[in-house]
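**Student:** Questions regarding the structure given below will be posed in turn.
The values are calculated or read from the model by the stated rules, or taken from the named source; none is laboratory data. What you are looking at is a predicted structure, and each value in this text was computed from that prediction instead of being measured. When we count neighbours, we look across all protein chains shown, and the Cβ atoms used for this are built from the backbone with ideal geometry, even at glycine.
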Amino acid sequence: MRLKPSVSIYASDKVFLDSDFIFLFSYTDGFNRRLLNVELVIDKDYNYELFLKSYEINHETGKHINTTIKGDIPIEIKNTLTFLLSLKNIEKNLRHSFGYHAEDIPYCIYKFKVNNKIQNTYYYLFNPENRKQELNLVEQEFDKLNKDILIWIEKLYKFFSVN
């Protein structure tokens, strides 16, 4: 894992399509004390660049958390992402959104590059366990990807909040 001064990673869909990136994840934990924002991009070699910003104060430095990290993506995320990107018709098997949208709640935006097109999916974290619809196999894998990424991000956040 390498650190560098933070800059925003993602600019536009055109930049994303013209890049070597195959996946983009954007997250906010809503309007709360820490105001955590994350942008993650993964390239075709499964290297990642993650931008992490929080308005909560780091206990050691007394500053806000604001960093960019680069490295190899965790294997469980890589495996699930590889499976999802290998599907020929991901856009037909993955809903445009999950959960319920409300202002100032946590949500994730996913962008997959498939056949030089972008597949967008929004994951709202408002009551996601009370879904009324059953998930198909693709959606189950997507749900796993979502959970794995959020757990990983929380670990990174905790690390940077004390180091």
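Yes or no, residue by residue, for (1) touching a helix residue (DSSP H, G or I) at 6+ places or on another chain (Cβ under 7 Å); (2) surrounded by 15 or more Cβ atoms within 10 Å (Cβ to Cβ); (3) at pLDDT below 80:
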{"position": "Leu87", "(1), (2), (3)": "yes, yes, yes"}
{"position": "Asp104", "(1), (2), (3)": "no, no, yes"}
{"position": "Lys111", "(1), (2), (3)": "yes, yes, no"}
{"position": "Lys117", "(1), (2), (3)": "no, no, no"}
{"position": "Leu145", "(1), (2), (3)": "yes, yes, no"}
{"position": "Ile151", "(1), (2), (3)": "no, no, no"}
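**Student:** Return yes when Lys78 is more than 16 Å from Leu145 (Cα to Cα) and modelled with pLDDT of 85 or more and no when it is not.
**Tutor:** In short, no.
**Student:** If a residue must be of a type in the set (Gly, Ala, Ser), within 15 Å of the chain's Cα centre (by Cα) and at pLDDT below 85, how many such residues does segment 1-57 contain?
**Tutor:** Residues flagged as of a type in the set (Gly, Ala, Ser), within 15 Å of the chain's Cα centre (by Cα) and at pLDDT below 85 within segment 1-57 amount to 2.
**Student:** Taking Glu141, is it at pLDDT 80 or above, within 23 Å of Val162 (Cβ to Cβ) and acidic (Asp, Glu)?
**Tutor:** No; evaluated as a whole, the condition is false for this residue.
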